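Here is the structure we will look at, set down as structure tokens.
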Amino acid sequence: MTGLNEEPIDTSCSNPGRDDYWTCPGCYHDLGDVGEGRHTCPECGRGIDCAIDIQPVCVARLADHEEEAA
């Protein structure tokens, strides 16, 4: 398990063309078909919000990451 003290690889990632497969943006661990909602990555321990976007596309975002100002 990687530590939360390490910087995440990314804050959001998607799996285009999939509506049943998520990947942790913090460590790129494949979460599989966990479904929508709040989950904890078993690899890095980060909280992840999983949702299906319009395309459909599975999107996972770090739950505690603040959006950077544009």
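Dipole magnitude for the chain: about 140 debye, using +1 per Lys or Arg Cβ and -1 per Asp or Glu Cβ, origin at the Cα centre.
Entry comment: accessible area of the chain is 65 Å² per residue, from protein heavy atoms only and a probe of 1.4 Å.
Here's the picture: charge each Lys and Arg Cβ at +1 and each Asp and Glu Cβ at -1 in the chain, and of CYS41, HIS65, THR11 the one pushed furthest to the positive end of that dipole is CYS41.
Using a cut-off of 12 Å between beta-carbons, work out the net charge of the residues near GLU43 (Lys and Arg +1, Asp and Glu -1, GLU43 not included). Once all neighbours under 12 Å are counted, the net charge is -1.
Length gained on full extension, THR40 to ASP53: 2.7 nm, using 0.36 nm per residue less the C-alpha separation. The phi-based Karplus calculation (6.51 cos²θ - 1.76 cosθ + 1.60; θ = phi - 60°) puts the 3J(HN,Hα) values of segment 4-20 at 5, 6, 6, 5, x, 4, 8, 9, 7, 8, 9, 10, x, x, 10, 10, 8 Hz, whole numbers, x for Gly and Pro.
With Rh defined as the Kirkwood radius, the inverse of the mean 1/r over Cα pairs, the Rg/Rh of the chain is 0.96. Each residue of segment 26-33 was assigned a 3J(HN,Hα) from its phi angle through the Karplus expression (A = 6.51, B = -1.76, C = 1.60, θ = phi - 60°), giving x, 9, 6, 6, 6, 8, x, 8 Hz with x at Gly and Pro.
The values are calculated or read from the model by the stated rules, or taken from the named source; none is laboratory data. Given the structure is predicted, the values throughout are model-derived calculations rather than measurements. Don't worry about glycine lacking a Cβ; one is built from the backbone with ideal geometry, like all the others, and counts go over all protein chains shown. Heads up: the accessible areas ignore ligands, DNA and RNA and are worked out on the full protein's heavy atoms, side chains in. Shrake-Rupley method; radii C 1.70, N 1.55, O 1.52, S 1.80 Å.
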